[in-house]
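First the structure, in the form of structure tokens, and then the observations on it.
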Amino acid sequence: MKARIIELPDWLRQAWPPLKHIIRTDEGGFSSVGLVKLADKGVLFPMLEQFARSYPAVKRPPVASQWSMNYLSVLFPALLAGTLGRNREIPVWEAGIALLHDEARPAALRMDGGFWALPAQPVDDYWQQVVSRHLEPLFATLSQWGGVSPKVLWGNVIAVWDGAFDRLSGGMDPDMHFAAYQWIDHTIVLDGRLRLRDQQRMVVSPAPDICAQIPLRKHCCLHYMLHAPVIDQPEVLCEACPRLHRQPPGSQENYLRSIRLGHG
């Protein structure tokens with residue numbers, strides 16, 4: 001069956017070019033699994049075992065965290081395309097939506113139909129349902145397989161969310177951007193014990209000539225553990241990593257320049 005084109009505003013496609021690949025109406029040669037089944041151990045565990053083969057000799061916690069980052073980097077662009085670009089929703093807890101993947105690596109969402117109309121409720125209520133009806137059961141299964149703290153996984157949610165809105169800042173109306181960015185600010189998970197927004201904050205940059213502020217995560221995503229240490233080379237860290245922010249200011253500045261500009 002020929003894929004149908006899902007129309008999105010030009011400003012959204014230009015702000016986030018990968019969107020044209022992330023939302024599909026065909027399988028495009030990928031494997032697929034319905035999102036309503038994704039949190040099932042019998043479905044997710046074999047996928048994670050397959051995904052882990054890309055990281056031989058690496059323990060499970062960073063592998064589980066990385067899979068969640070890959071998944072969220074597909075899920076959130078697709079969902080934001082609906083809410084921001086079409087005033088529509090993708091109810092990921094319903095049938096008719098599938099994750100497309102390449103050997104368990106998340107690649108895109110496939111929708112059997114178009115976007116659903118948003119119900120007559122605040123948009124932040126929709127995002128609360130995404131968290132409570134989809135991500136909470138998914139993360140419970142992911143944490144069980146990987147032995148990774150749920151706090152790490154929820155920190156990944158905020159990291160991907162903030163990264164998404166950083167990408168969108170140049171193409172959106174500032175007032176719209178500000179309002180949408182706060183949609184999950186008051187979301188609380190883990191039986192009321194964890195507020196999502198508290199998992200990452202902005203701090204003064206060690207290289208203000210490059211950027212005035214950079215994010216700081218509360219819990220490391222463990223990505224550095226996927227990379228074997230190299231003699232005389234720094235750890236592979238992201239600019240939001242608590243491990244980086246604990247280093248001397250000069251080391252932070254040099255590393256930030258290396259990842260932002262490609263040199264020390």
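The values are calculated or read from the model by the stated rules, or taken from the named source; none is laboratory data. What you see is a predicted model, and the numbers here were worked out from it, not measured in a lab. Counting neighbours? That spans all protein chains shown, and the Cβs are built from the backbone with ideal geometry, glycine included. Protein only, heavy atoms only, side chains kept; ligands, DNA and RNA dropped before computing areas. Shrake-Rupley method; radii C 1.70, N 1.55, O 1.52, S 1.80 Å.
When S54, S65, S32 are checked against the criterion of being polar (S, T, N, Q), modelled with pLDDT of 80 or more and out of contact with any helix residue (DSSP H, G or I) (no Cβ under 9 Å at 6 or more places or on another chain), S32 stands alone in meeting it. D191 meets each of the listed conditions (1) open to solvent by less than 40 Å² (accessible area, probe 1.4 Å); (2) closer than 23 Å to A39 by Cβ; (3) without any contact (Cβ under 8 Å) to a residue 40 or more places away in the chain apart from (1). When you scan the range 16-28, do you find a residue that is modelled with pLDDT of 95 or more and either in contact with a His (Cβ under 8 Å, 6 or more places away or on another chain) or of a type in the set (D, E) (or both), even just one? For the range 16-28, residues modelled with pLDDT of 95 or more and either in contact with a His (Cβ under 8 Å, 6 or more places away or on another chain) or of a type in the set (D, E) (or both): absent. Among the residues of the range 88-130, which ones are touching a Phe, Trp or Tyr at 6+ places or on another chain (Cβ under 9 Å), among the β-branched types (V, I, T) and either open to solvent by less than 10 Å² (accessible area, probe 1.4 Å) or modelled with pLDDT of 85 or more (or both)? I90, V130 - these are the residues of the range 88-130 that are touching a Phe, Trp or Tyr at 6+ places or on another chain (Cβ under 9 Å), among the β-branched types (V, I, T) and either open to solvent by less than 10 Å² (accessible area, probe 1.4 Å) or modelled with pLDDT of 85 or more (or both). Considered as a group, the residues in the range 140-166 that are modelled with pLDDT of 95 or more and among the β-branched types (V, I, T) include one that is nearest to L72 (Cα to Cα), and that residue is V157. For the range 21-41, a residue qualifies if it is in a helix (DSSP H, G or I) and either open to solvent by 70 Å² or more (accessible area, probe 1.4 Å) or of a type in the set (V, I, T) (or both), and the qualifying residues are H21, I22, V36, K37, K41. Among the residues of the range 216-256, those identified as surrounded by fewer than 18 Cβ atoms within 10 Å (Cβ to Cβ), over 24 Å from the mean Cα position of the chain (by Cα) and outside any loop (DSSP other than H, G, I, E, B) are P249, G250, S251, N254. Pairs are defined by a Cβ separation below 8 Å, a sequence spacing of at least 6 or placement on different chains, a first member in the range 75-86 that is closer than 19 Å to G34 by Cα, and a second member that is in a helix (DSSP H, G or I) and open to solvent by 10 Å² or more (accessible area, probe 1.4 Å); the pairs so defined are F76/V160; P77/I22; A78/I22. Considering (1) modelled with pLDDT under 95; (2) of a type outside the set (A, V, I, L, M); (3) surrounded by fewer than 17 Cβ atoms within 10 Å (Cβ to Cβ), the lone condition that P137 does not fulfil carries the number (1). Among the strands (runs of 3 or more DSSP E) confined to the range 94-208, the ones with at least 1 residues that are polar (S, T, N, Q) are located at 200-204.
Restricting to the range 171-185, what's the tally of residues that are in contact with a Phe, Trp or Tyr (Cβ under 9 Å, 6 or more places away or on another chain) and either farther than 13 Å from L196 by Cα or aromatic (F, W, Y) (or both)? Break it down stepwise before answering.
First, the residues of the range 171-185 that are in contact with a Phe, Trp or Tyr (Cβ under 9 Å, 6 or more places away or on another chain): 171-172, 177, 180-181, 183-184.
From the residues that got through so far, the ones that are either farther than 13 Å from L196 by Cα or aromatic (F, W, Y) (or both) too are 171-172, 177, 180-181, 183.
Going through the range 171-185 one residue at a time, the tally reaches 6.
Within the range 167-185, being at pLDDT 85 or above and open to solvent by less than 80 Å² (accessible area, probe 1.4 Å) holds for M176, H177, A179, A180, Y181, Q182, W183, I184, D185.
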